[in-house]
Each structure stands twice: as structure tokens, then as C-alpha cells.
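Notes follow once the structure below has been shown.
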Amino acid sequence: MSEPKKLPEQTFIQQDGPVFMSGNQAYLRLVFEQHRRDHEAGLNTGGFISGYRGSPFGHFDQDARRVGKALAARNITFNPGVNEAMAATTIWGSQQVDFFGETEYDGVIGLWYGKGPGVDMAADALHHANLWGTHRNGGVVMAVGDDPMSRSSSIQQQSEFVLSGLCIPVMHASSVQDIYDYGLIAYQMSRYAGVWVAVKSVSDIAESWYMVDVDPERTRTVLPDDFEMPECGVHIRWPDSSVDQDYRMANARIPALKAFIRANKLNRVTLDARQRRLGIVTAGKSYLDTLEALEDLGIDEKQRDALGLSVFKVAVTWPLEETLLREFAASVDELIVLEESRPFLETQLKNVLYDMPAEQRPRVMGKCDFDGREQLPSNGELTPALISRVLVNWFSQHLSSESMHRWIGVLDQTDREIEVPREHVDRTPYFCSGCPHNSSTKVPDGGNQLIGIGCHYLVHLMGRDGVSYTQMGGEGATWAGAAPFVKQKHAFANLGDGTYYHSGSTAIRQAIASKINITYKILFN
Ligand code: SF4
């Protein structure tokens, strides 16, 4: 007997058993699932998805197009943006269904997707849209993909700094399961507090695959009973004013968010000791790296109890809810914050703990140890090996363990082997055979070219006289600032056709307005 034919949308609608999906697909499934839950609850919601592709959302568009009919059947519109800012603006509109007379919809579920530079690029639109707020039966979740090592980006990313500046709460997923769970909780938060909610994951998570438990019980939430919503309310309205929006953000939305986080214990202890003494506070991929480091070091339940070690996982890294964190901090003597890139949690945490009674306040370390010496980098990502070394230094003051020192011996040996000079062959990056970039990125003898975003960035590594690069869409505009002060009279600028469509046409307008001598090569591939 043959297997029943699998529908293209199966991944997004299957209700029983674990479902195998990628991080990209977990984000897309959120709209299907929220729509299903709404209709089960008697709400006639539609959906609106927009954003801009790019790693780690390389196959999001393809997945969404593949299930286009299933989306349309549910009144979910998939409308990719010309760029991330336009995408954010269209989603802002999806929360305004009550502004235009009659509608048959009770609300629209919004989903924005984009990589870290897309958050930067769209900041103005996101700021406006978030200050305006969300519809009570709609809500907006942002699928944010960060590339902290810039493996496929022009800069290393840590979007929480920008997002928090825009007053957009950040949930930091440590797995594909978290993307799904946090995403569905994020819709409830967005509706309750009237804000956009970002669910951030780094490339290693957004691009990975996992058997996701889709049981709705995992993401059932309660409304806070210790918080009274201020009279001004939190949801989008018209007419409205910027002064009122700012007031609502500070006095209604952020307090409502914190109440929601508290009521649902979104930040919580995930590994506990019988009697707590040492605490780890962590989030996102660093949470997984921490668990792996503990396993590598052989820290089992017995050793955890001997150390008094507990792990506190922060789901919502901004705004950092105080009560749950203070409760945990008061139960340990010493605490470490483990997070990749610049200290984001650590700074907030120290602020939250500062005015605790001295006898309850633990010693805190993070990027620096208790003596102020740097122990973890403030750029790039953490690894289980980096974390292991820091933990061993700390744990050794409280416990002597053979397994810990054995593992550090393995790491030392690996480091020594890596340092041994080797005969090797350099692998020079190159374009795919047949790609038009092979010929279109050559410049006449004596010329040089300004580099653009895209594969043609590789000219920089191929000895093709490339000079500097810009953000996506700024290609060539740097020449306007340099040309008046250098002897070179002319420059070539490479601009990919995708970038031209995204925002690069503005750079050409700038070049014309600046009256500079420049030749743009629009690279079709
Ligand atoms: S643009 Fe060219 S080099 Fe880049 S992936 Fe496509 S074919 Fe390959």
C-alpha cells in the first residue's frame, strides 16, 4: 500500500506528533498556527507576511511560495518587501484594518522577516510602527536572523541593541523548538501589550532542522492578575499623536510586557541544584553552548548539587523582567552571565541587582571575572570550549573534579595541534563557473572598483582591484565623499541587480546629485 501523498503545507499544519522542520519553517508555521487557533476561538483573522530574504532566511521565500495556495485559502497574504523598511511599513498597515471603514476581519496576524542588517535598514519604519502599536486581535512577530560571525554578511550582528532602542521586546531562541514556542507566545504578548515582538535566532539556529513538538499546551499563556491595564490602553488607534504614543510605551506597554513575562515565568530556572550557590544566567545559542560545556566537563546532577549550580534561561532579553531575576539572584552567592557578542544581558542584570540588599546580592561576573580581567570576548560568538575554560576556573574554587581537568587537557591538546604550522594549499574564493560576475567584475588596467553587496564582494579576495565596500544600497556613494580629496578622477562601482531593486537605485541618485565621475556596473546574474 502506498503512503498517502504529503501536502506541501504538511509541515505547517500537522497537529500530531513531532514535526520535522527548519528554523525558517518554524517561523512560517507561526502564522498558520496562530490563524488556526484564532479560528478555533471564533476569531476571523487574516494574515500578512512580508520581509526581505537573505541568510539566514535563505529559503523563507521559497517555502512561503511553495505553500502559496494554503496561505491564500486562509486569507494569509505573502507579499515580500522591496526592502526591509517597506516590508515593515506594509505590516504596519496590516494592523490598521479598523481605519478604513468596513472589514470582515477581526484582526490581521503580521509576520516580518529579515536579517540583522535588515533590522538596521528598517529601523525608522519599525520604530514608527511599534510606537503606533498592534491591533488587539492582530499582533506582529518579527523573525530576526543574526549572523554574529558575519559568515554571510558584511558586518557582525547583534540586533538586540537596535531592537531595544526601538522599544521592541526581544525573545532570544536557543533552538528551532524555541523559535516555534517563543513565536506563538510572542503573538500573545504582542496582542496583550500592543507591541511588535522580535524572536531572534542566530544563523546556526535559524538554518538548522529539528523535530519540533507542536503540542499547543507548550505555549498556552495566562494573563497577568497583578497588573491593571492603564486607561490609555495599548493598542493602535487613529487619530493618535507621537506624544501619546511615547507615554503609552513607557507607562502602559512596557509595564504590561513585564507583567506578562512574570505571569508566565518566561525567564526561568531550567537546571537546578538542591541547594543553590552558583548561578548561570544565559540566553539564546549561548544557553545550548553552556549545556554542552557542562556535559563536556562531566558536570552531572551529582556534581551540580555539589557545586550548588543552577542555570537561569532568559527567554525575553529585553525588557529584562526584574522580579524573576531578583528571586534567582537572591538564591545564589555568585553568578555568571554567559552571552555572545557585546554584554547586553549583563549590563541590564547589573542594573536590576544594584539596589538589592547587600546580603542578598550575589557577586556577578560575565565578560570580565571578579577581578575585572577579561575572560570572554565581547565580539563574535561563544563556543562550548571558551565557556568550559571559564567555568573550570570558577568551579575549581569550589570543587575538584577529575573529569573537568581531563576535558581541559583535551582542549589544550587540540589548541596545540591547531597551532602546528602545516603545509596547506590556499583555497582562493572564486565565482561559480558560468557566472556573469567572472567577466563583469573585471576593470580596465589602472582602474579600480568600489565593492558591492553580493557574491561580487569576492573581487576583494581575487586581486581584482576592489576598494572598500558599503552597506547594501550605498554602493558608490562613498566616492562622493572621497573624490574631492584624492587625485584619482574616476571610479567604477559594482551594484548587484538585487541590490539595485532593494535600495541601490538611491545610491545612483546620490551619485547624480553629487555630480561625481563614476561608472556603475549593474551586475545581472
Ligand atoms: S551570483 Fe554567481 S557566484 Fe554567486 S552563487 Fe550565483 S552563480 Fe555563483
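Compactness ratio for the range 160-229: Cα radius of gyration over 2.2 N^0.38 Å (N = residue count) comes to 1.22. For the range 422-452, the residues whose amide N sits under 19 Å from a probe point set 7 Å from the Cα of His490 along the beta carbon direction are 440-451.
Take every Cα pair under 8 Å in the chain that's 6+ residues apart, average their separations, divide by the length, and report that relative contact order as a whole percent.
It comes to 11 percent, rounded to a whole number.
So, counting K/R as plus one and D/E as minus one, what does the shell of residues with Cβ under 13 Å around Ser50 add up to? Combined, the nearby Lys, Arg, Asp and Glu give -1. For the set Trp238, Trp407, Trp394, the ranking by accessible area, highest first and with no ligand, DNA or RNA atoms included, is Trp238, Trp407, Trp394 under a 1.4 Å probe. Heavy-atom accessible area for Ser241, with the other protein chains in place and a 1.4 Å probe, reaches approximately 40 Å². For the chain, the antiparallel share of DSSP beta bridges with both residues in that region comes to about 20%. The distance between label points at Leu271 and Ser403 comes to 1.0 nm (points 7 Å beyond Cα on the Cα→Cβ vector). Accessible surface for Met121 stands near 70 Å², nearest 10, in the context of the full protein assembly shown (1.4 Å probe).
Applying 1/(1 + (r/R0)^6) with r as the Cβ-Cβ distance of Asp300 and Met462 and R0 = 51 angstrom yields a FRET efficiency of 0.50.
Rounded, prolate or oblate: which one fits the range 61-124, using the alpha carbon gyration tensor with axes a ≥ b ≥ c (rounded when a/c is under 1.5, else prolate when a/b beats b/c, else oblate)? Don't jump to the answer; show the numbers that get you there.
On the way: a/c = 3.01, a/b = 1.20, b/c = 2.50.
Note, shape of the range 61-124 comes out oblate.
Calculated translational diffusion coefficient of the range 83-184 (20 °C, 1.002 mPa s; Stokes-Einstein with Kirkwood radius over alpha-carbon pairs) equals 148 µm²/s. When Rg and the Kirkwood radius Rh are both evaluated on Cα atoms of the range 448-496, their ratio Rg/Rh stands at 0.95. Looking at the range 194-316, the pairs of alpha carbons with a distance over 20 Å make up 62% of the total. Put a plus charge on the Cβ of each Lys and Arg, a minus charge on the Cβ of each Asp and Glu, and nothing anywhere else: the dipole of the range 268-419 about its Cα centre is then about 360 debye. Size descriptors for the chain (Cα atoms only): Rg and Dmax, in that order, 25.2, 77 Å. Given R₀ = 60 Å, what would the calculated FRET efficiency be for Asp445 paired with Met356, taking r from the Cβ atoms and rounding to 0.05? It comes to 0.30.
Over the chain, what percent of the accessible surface lies on carbon and sulfur atoms, probe 1.4 Å? So the carbon and sulfur contribution to the accessible surface is 52 percent.
Over 23 Å apart at the Cα level, from the set Lys313/Lys367; Lys258/Lys302; Lys258/Lys367; Lys302/Lys350; Lys442/Lys515; Lys69/Lys285, are Lys258/Lys302; Lys258/Lys367; Lys302/Lys350; Lys442/Lys515; Lys69/Lys285. Just need the relative contact order of the range 13-119 here, percent rounded to a whole number, with Cα pairs under 8 Å and 6+ apart. 36 percent. Note that the range 444-515 presents 53 Å² accessible area per residue, ligands and nucleic acids not counted, probe 1.4 Å.
Computed with the Debye formula from one identical point scatterer per Cα of the range 305-423, without solvent, the log10 of I(q)/I(0) at q = 0.15 Å⁻¹ comes to -0.78. Residues Trp92, Trp479 ordered from highest to lowest accessible area at a 1.4 Å probe: Trp92, Trp479.
Could you state, as a whole-number percent, how many of the C-alpha pairs of the range 437-523 are farther apart than 15 Å? Provide the component values of the computation, followed by the final result.
Details: 1928 of 3741 pairs.
Cα-Cα pairs in the range 437-523 separated by more than 15 Å: 52 percent.
Percent of Cα-Cα pairs more than 23 Å apart in the range 366-484, please. Everything past 23 Å amounts to 60 percent.
Could you rank Arg422, Arg268 by how accessible they are, 1.4 Å probe, largest area first?
Numbers: Arg422 140, Arg268 115 Å².
Greatest to least solvent exposure: Arg422, Arg268.
Could you tell me which residue out of Gly145, Gly165, Gly101 lies farthest along the dipole of the range 66-195 toward its positive end? Charges go on the beta carbon: Lys and Arg +1, Asp and Glu -1, centred on the Cα centre. Positive-end residue among those listed: Gly145.
Shape call for the range 13-263 from the C-alpha gyration tensor, a ≥ b ≥ c root eigenvalues: rounded (a/c under 1.5), prolate (a/b greater than b/c) or oblate?
Details: a/c = 1.36, a/b = 1.19, b/c = 1.14.
Rounded shape, in that the Cα axes give a/c under 1.5.
Potential lengthening of the chain between Arg363 and Arg151 amounts to 72.8 nm, from the contour at 0.36 nm per residue minus the alpha-carbon distance. With contacts taken as Cα pairs under 8 Å and at least 6 residues apart, the range 13-263 reaches a relative contact order of 23 percent.
The values are calculated or read from the model by the stated rules, or taken from the named source; none is laboratory data. Here the structure is a predicted model, which means the values were calculated and not measured. Every residue, glycine among them, receives a Cβ derived from its backbone with ideal geometry; neighbour counts consider all protein chains shown. SASA here: full protein model, heavy atoms, side chains in, ligands and nucleic acids out. Shrake-Rupley method; radii C 1.70, N 1.55, O 1.52, S 1.80 Å.
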